[in-house]
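Notes for the one structure printed next.
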Amino acid sequence: MRHLLSVSDLDAATATSLLDTADRLKQALLGREVHKLPTLRGRTVITLFYEDSTRTRVSFEIAGKWMSADTINVSAKGSSVSKGESLKDTAATLAAAGADCVIIRHPASGAAHRLAAWLGREGGSGGSGPAVVNAGDGTHEHPTQALLDAATLRDRLGSVAGRRIGIVGDITHSRVARSNVMLLATLGAEVRLVAPPTLLPVGVGDWPCRVSHDLDAELPGLDAVMMLRVQAERMRGGFFPSAREYAIGYGLNERRLAMLPEHAVVLHPGPMVRGMEIAPAVADSPRAAVLEQVRNGVHLRMAVLYHLLAGAPEVR
Ligand code: ASP
């Protein structure tokens, strides 16, 4: 694996091998007082974030540190980006400074691919350039989120293949939904998108999933339901009448939680807007795996760095 830009780069075997490595890393750290493996000593990992983030950025930083890499955070605010420097120049600077891996979040769809193309041609020592990880590019993709969601589903349900997973909410603006639909299909799950017609993207009919507008009708048949935040920051104009109306139609409340099968798990990539797409009592219920997703995110991102920078899938 040279970069991780899209889940479409992952076949079932590669995705499963990343999930297995994450599991082994989790086991290797279990019960240890000091969370530190020497695997990436001497490697430099840079997070380059042009958009806000809590979970993704922190977990990549922890992942790098737990593997003994030197991790450095660069954000658009507080760097030369705010002085007008282009992404290309910023990236070339990071490569010249010795980055082995650049983890990028950017509001433009396709930014991670552009970065990988530039760095592959021009950056880095030996002409090969740093590895690039897409940590969310506009409304396009968020591959490590989909992988950590799959890890959580495996933990809770025992398997992903053959399971029916509902993804509910603002599909149009969600890179989490795009990456999940593709990865879950690759891993053999059946995906149901549930959203109002205004929050479904053009072309969704070609995605490997089925679409519904009726949450109540879908819930009894799901093994897991993934609730999405309405991405107000990416919206211009009205996509639904009001937050209250949205919650009535598509929010996961206690009544709806009771409609899910008993084994079914509730996922949310965060940040949650309590009272809108998820009721506080649901977010805090043992059925919700939100903090497990965060914990799995660290191990999964360790696995990604390991596969990109250490090469071999053996964990000692
Ligand atoms: N944290 C996720 C993302 O960056 C989901 C969200 O922001 O709602 O796409």
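The values are calculated or read from the model by the stated rules, or taken from the named source; none is laboratory data. In this text the structure is predicted, and so the values were computed from the model without any measurement. A quick note on method: Cβ atoms are made from the backbone with ideal geometry, for glycine too, and the neighbour counts reach across all protein chains shown. The area values use the complete protein model at the heavy-atom level, side chains included, leaving out ligands, DNA and RNA. Shrake-Rupley method; radii C 1.70, N 1.55, O 1.52, S 1.80 Å.
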Looking at region 161-185, which of the residues that are closer than 20 Å to ALA12 by Cβ, open to solvent by less than 30 Å² (accessible area, probe 1.4 Å) and of a type outside the set (A, V, I, L, M, F, W, C) is nearest to the ligand (Cβ to nearest atom)? SER179
Is it the case that region 31-46 has a residue that's within 23 Å of ALA116 (Cα to Cα) and open to solvent by 50 Å² or more (accessible area, probe 1.4 Å)? yes
Report yes if some residue within region 188-196 is within 30 Å of GLY238 (Cα to Cα) and free of Cβ contacts under 8 Å to residues at least 12 places away in the same chain; otherwise report no. no
Between residues in region 265-277 that are farther than 15 Å from VAL294 by Cβ and residues that are in a strand (DSSP E or B) and more than 9 Å from the ligand (Cβ to nearest atom), which pairs lie under 6 Å by C-beta distance while being six or more apart or on different chains? GLU277/MET227
Residue match in region 2-13 (condition: open to solvent by 60 Å² or more (accessible area, probe 1.4 Å), under 22 Å from SER128 (Cα atoms) and more than 17 Å from the chain's Cα centre (by Cα)): yes
A careful count of residues in region 186-195 that are open to solvent by 10 Å² or more (accessible area, probe 1.4 Å) and closer than 8 Å to ILE165 by Cβ gives 3
For VAL58, only one of the following conditions fails: (1) within 16 Å of the ligand (Cβ to nearest atom); (2) open to solvent by less than 60 Å² (accessible area, probe 1.4 Å); (3) at pLDDT 90 or above; (4) among the aliphatic types (A, V, I, L, M). What is its number? (2)
Look through region 223-256, keep the residues that are more than 8 Å from GLU277 (Cα to Cα) and touching a His at 6+ places or on another chain (Cβ under 6 Å), and return whichever of them is surrounded by the fewest Cβ atoms within 10 Å (Cβ to Cβ). ARG234
More than 16 Å from the ligand (Cβ to nearest atom) and modelled with pLDDT under 95: which single residue out of GLY158, GLY188, GLY238 fits that description? GLY238
Can you pull out the residues in region 257-310 that are open to solvent by less than 10 Å² (accessible area, probe 1.4 Å), within 12 Å of the ligand (Cβ to nearest atom) and of a type outside the set (Gly, Ala, Ser)? LEU267, HIS268, GLU277, ILE278, GLN293
